[in-house]
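Colleague: Let me give you the structure first, and then I'll get to my questions.
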Amino acid sequence: QVRLVESGGGLVQPGGSLRLSCAASGTIFSIYDMGWYRQTPGKQRELVATITNDGRTSYGDSVKDRFTISRNNAKNTMYLQMNSLKPDDTAVYLCHAALGFRNYWGQGTQVAVSS
């Protein structure tokens, strides 16, 4: 069974940085397309960034040039480096793994950007 565990969230001031991690277990991590999404109360889940199993990346418009997604297949881990954080980035950040019709989600990690 695939298990995804996020970590690295917290409270940060505007303009600050955080690095999120998503550790995967129970599967061959390297074959999955991975992504980060975020969720705030009353809003639809928003795509933040994706990375394919061969390393191609894409980003949501609101985070382009500020966030960087990466993966380390040897460590079964995906990362999200978040720079120049804004209050609008406050959300629960969720890790996602996809392979064909199979989709898996982590429980999320809270990011709060506030002074």
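Colleague: So which residues in region 66-83 are in a loop (DSSP other than H, G, I, E, B) and either buried (at least 16 other Cβ atoms within 10 Å of the Cβ) or within 11 Å of the chain's Cα centre (by Cα) (or both)?
Modeller: Listed by number, the list holds a single entry, Asn76.
Colleague: Among the numbered conditions (1) in a loop (DSSP other than H, G, I, E, B); (2) touching a residue at least 40 places away in the same chain (Cβ under 8 Å), tell me where Val63 comes up short.
Modeller: Here Val63 meets the rest and fails (2).
Colleague: Residue check, Thr50 against (1) part of a helix (DSSP H, G or I); (2) among the polar types (S, T, N, Q); (3) at pLDDT 95 or above, all met but one. Which one?
Modeller: Against the list (1) part of a helix (DSSP H, G or I); (2) among the polar types (S, T, N, Q); (3) at pLDDT 95 or above, Thr50 comes up short only on (1).
Colleague: Further question on the same structure: Select from region 82-101 the residues that are within 19 Å of Arg71 (Cβ to Cβ) and in contact (Cβ under 8 Å) with a residue 60 or more places away in the chain and list them in ascending order. Lay out the reasoning, then the answer.
Modeller: At the first step, the residues of region 82-101 found to be within 19 Å of Arg71 (Cβ to Cβ) are 82-83, 93-100.
Across region 82-101, the qualifying residues are Met82, Asn83, Tyr93, Leu94, Cys95, His96, Ala97, Ala98, Leu99.
Colleague: If you take the residues in region 84-115 that are open to solvent by 60 Å² or more (accessible area, probe 1.4 Å) and either in contact with a Lys or Arg (Cβ under 7 Å, 6 or more places away or on another chain) or part of a helix (DSSP H, G or I) (or both), which one is farthest from Tyr32 (Cα to Cα)? Show your work before the answer.
Modeller: Here is the first cut: in region 84-115, the residues open to solvent by 60 Å² or more (accessible area, probe 1.4 Å) are 84, 86-88, 100-105, 107, 110, 114-115.
Imposing the further condition that a residue be either in contact with a Lys or Arg (Cβ under 7 Å, 6 or more places away or on another chain) or part of a helix (DSSP H, G or I) (or both) reduces the set to 84, 87-88.
Values: Ser84: 29, Pro87: 31, Asp88: 29 Å.
The extreme case among them is Pro87.
Colleague: Check region 28-41 and report whether any residue there is touching a strand residue (DSSP E or B) at 6+ places or on another chain (Cβ under 6 Å), among the basic types (Lys, Arg), surrounded by 15 or more Cβ atoms within 10 Å (Cβ to Cβ) and modelled with pLDDT of 95 or more.
Modeller: yes
The values are calculated or read from the model by the stated rules, or taken from the named source; none is laboratory data. Given the structure is predicted, the values throughout are model-derived calculations rather than measurements. All Cβ positions, glycine included, derive from the backbone under ideal geometry; neighbour counts span all protein chains shown. Quick note on the areas: whole protein, heavy atoms, side chains included, nothing else; ligands and nucleic acids left out. Shrake-Rupley method; radii C 1.70, N 1.55, O 1.52, S 1.80 Å.
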